[in-house]
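Okay, so here's the structure we're looking at.
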Amino acid sequence: MIRHIATRFLAILLLTAAGQAGAAEVGVQVAFTDGEASIIRAYYHDGHATQPGKKKGKHGKKTLPPGIARNLARGKPLPPGIAKQVLPAGLIDLLPPPPHGFERITVSGKVLLVEIATQVIHDVLEDVILGK
């Protein structure tokens, strides 16, 4: 019993010391927090402009081929050659830094949390970017 508790305590200490990137390596899910999601949604809801002059599809959203659009999902690698964009500077200033080893990007009207080393998508916020 004591050995089991000590093992669990050691695991928690290691995860805490390694930070969120280390947690991702041992299978703990890294995702947008509720606070981050609220900030991102509020930023775009308040009418902050999207980048003008981008090619848009039928309903004002940038379109991707259906197969590629389906691959913009949690747990899947970012498709190669995809047109990803960084978040606007004003939004970056409002958010805390992303977890170590991760980046927040936008692709086709979605905000993604992507692991930099593997390009695996860890979380997706859908339909937050108005006008895309």
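Screening Gly81 with (1) over 14 Å from Glu126 (Cα atoms); (2) touching a residue at least 12 places away in the same chain (Cβ under 8 Å); (3) of a type outside the set (D, E, K, R) gives one miss only, at (2). Residues in segment 114-131: is at least one free of Cβ contacts under 8 Å to residues at least 60 places away in the same chain, surrounded by 15 or more Cβ atoms within 10 Å (Cβ to Cβ) and of a type in the set (Ser, Thr, Tyr)? No, because not a single residue in segment 114-131 is free of Cβ contacts under 8 Å to residues at least 60 places away in the same chain, surrounded by 15 or more Cβ atoms within 10 Å (Cβ to Cβ) and of a type in the set (Ser, Thr, Tyr). Residues in segment 86-132 that are over 16 Å from Val30 (Cα atoms), among the small types (Gly, Ala, Ser) and either outside any loop (DSSP other than H, G, I, E, B) or at pLDDT 95 or above (or both): Ala89, Gly90.
Scanning segment 89-100 for residues that are crowded, with 17+ Cβ neighbours inside 10 Å and in contact (Cβ under 8 Å) with a residue 40 or more places away in the chain, which turns out farthest from Leu72 (Cα to Cα)? Result: Leu91.
When Ala42, Ala69, Ala37, Ala83 are screened for being surrounded by 11 or more Cβ atoms within 10 Å (Cβ to Cβ), assigned to a loop (DSSP other than H, G, I, E, B) and at pLDDT 85 or above, only Ala83 passes.
The values are calculated or read from the model by the stated rules, or taken from the named source; none is laboratory data. Keep in mind that what you see is a predicted model, and the values were worked out from it rather than measured. All Cβ positions, even for glycine, are placed from backbone atoms using ideal geometry, and neighbour counts span all protein chains on display.
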